[in-house]
Amino acid sequence: MAIKNVCVIGAGIMGAGIAQLCAHHDYNVNIVDISKEVLTKAKEGIKNNLERFFVSKNKITMKEANQILDKISSFTNRDEAIKDVEMVIEAVFEDMDLKQKLFSDVDAKCNKNIILASNTSSLSISDIASKSNHQERIVGIHFFNPAPVMKLIELIKGKHTSDEVFLKAKEFSESLGKTVVSVNDSPGFVTTRLIYVMCNEAIKMYEEDLASKEDIDIAIKLAFNFPMGPLELSDLVGLDTYDHIGDYLSSELGDAYEPTAMLKNMVKKSKLGRKSKEGFYQY
């Protein structure tokens, strides 16, 4: 079954970015969320992103930007949104129970030939699929933020993901102009497991007063040619997100992944990074 129509579940930053990316590469996209306000904000964000990063830089014309927007339809009814598509991509909050329920529900309602993909950055694909009847059609397609710009996709094969589904998901991912790396299923995969450890260790260093936050970030940027330091990156991703990932990784992989006391304390104080205007830095 050729993939021409895609449903993206979740209209947050990642969901909107994935919808924009797919529409930019000529897929028809249904984006679904429970809130009309969130959907309106997502569509406005996509329009602004196209104008700011593509039209203004002469990568596409305004006419082409409008054609991309026209390929994206908004839904609050998930059952309607998943009709007549060949792929469903989930981009909701990183919560195992939430994702298991979502995939179980969608799996029960979709034609068995439709591919179901999770954009999870850390949760086991096999565990996400474990409550579904057709686990062979569930795969991990981990996009990176911002999805329309970042070149990498981490493709994760669950315990029961079929070779055919994995190959189709790879072909689809490459059709989006991405470099695809294939990863066997494990909590955190390759990228999140490594970046979380680096950021968590940088927080420990700051907690121990080894160096100032600025000097920690400068050292890592200049030593390893990173565009952002680990504390800056933690603020961007969200300290609550890293706390959640750390709790999950430590429960699955051991105490070495336990979030630092400083990280947990900052989350308790709602210092979450850019999203709350305060984390390691002020915004």
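With all projection directions averaged, the alpha carbon convex hull of the chain covers 14.9 nm².
Near the amide H of residue 73, within less than 5 Å, lie the amide hydrogens of 29, 30, 31, all on another chain or at least 5 residues away, with H placed in the peptide plane.
A quarter of the convex hull surface defined by the alpha-carbon atoms of the stretch 1-142 gives 8.1 nm² as the mean projection. Full extension of the chain segment joining residue 70 with residue 269 gains 67.5 nm, where the gain is 0.36 nm per residue of separation less the Cα-Cα distance.
The stretch between residue 223 and residue 211, if pulled fully straight at 0.36 nm per residue, gains 2.8 nm over its current Cα-Cα span. Over the stretch 85-132, one equal point on each Cα, no solvent: what is log10 I(q)/I(0) by the Debye formula at q = 0.27 Å⁻¹? For the requested q values the scattering log ratios are -1.05. Of all DSSP beta bridges confined to the chain, the antiparallel ones make up roughly 15%. Here the calculated FRET efficiency for residue 63 and residue 281, from their Cβ-Cβ distance with R0 = 30 Å, stands at 0.15, rounded to the nearest 0.05. Fully extending the segment from residue 198 to residue 150, taken as 0.36 nm per residue of separation minus the present Cα-Cα distance, adds 15.3 nm. Over all other residues within a Cβ to Cβ distance under 14 Å of residue 46, the charged ones net out to 0, with Lys and Arg as +1 and Asp and Glu as -1. Within the listed set 273, 254, 17, the Gaussian network model of the chain (springs between alpha-carbon atoms below 10 Å) gives the highest mean-square fluctuation for 254. With contacts taken as Cα pairs under 8 Å at a separation of at least 6 residues, the chain carries a relative contact order of 13 percent.
For the stretch 52-136, averaging the sequence separation of C-alpha pairs within contact (under 8 Å, six or more residues apart) and dividing by the residue count gives a relative contact order of 29 percent. When shorter helices are ignored and each DSSP H run of at least 4 residues is given -39500 (n - 2.57), the per-residue value for the chain at 222 nm works out to -14000 deg cm²/dmol. Among the trypsin sites (Lys or Arg not before Pro) found in the stretch 206-283, those both in a DSSP coil and sparsely packed, with 14 or fewer other Cβ atoms within 10 Å of their Cβ, are 269, 277.
With one equal scatterer per alpha carbon and no solvent term, the Debye-computed log10 I(q)/I(0) for the stretch 218-264 at 0.15, 0.22, 0.24 1/Å reads -0.46, -0.80, -0.85.
The residues packed around residue 170, meaning those with a beta-carbon under 13 Å from its beta-carbon, carry a net charge of -2 if Lys and Arg are +1 and Asp and Glu are -1. Work out, in µm²/s and without decimals, the Stokes-Einstein translational diffusion coefficient of the stretch 192-275 at 37 °C, 0.692 mPa s, Rh from Kirkwood over C-alpha pairs. Answer, rounded: 257 µm²/s.
Laboratory data are not the source of any read-out in this text; all were calculated from the coordinates shown. No experiment lies behind these values; they were computed from the predicted model shown. Virtual Cβ from ideal backbone geometry, glycine too; neighbours counted across all protein chains shown.
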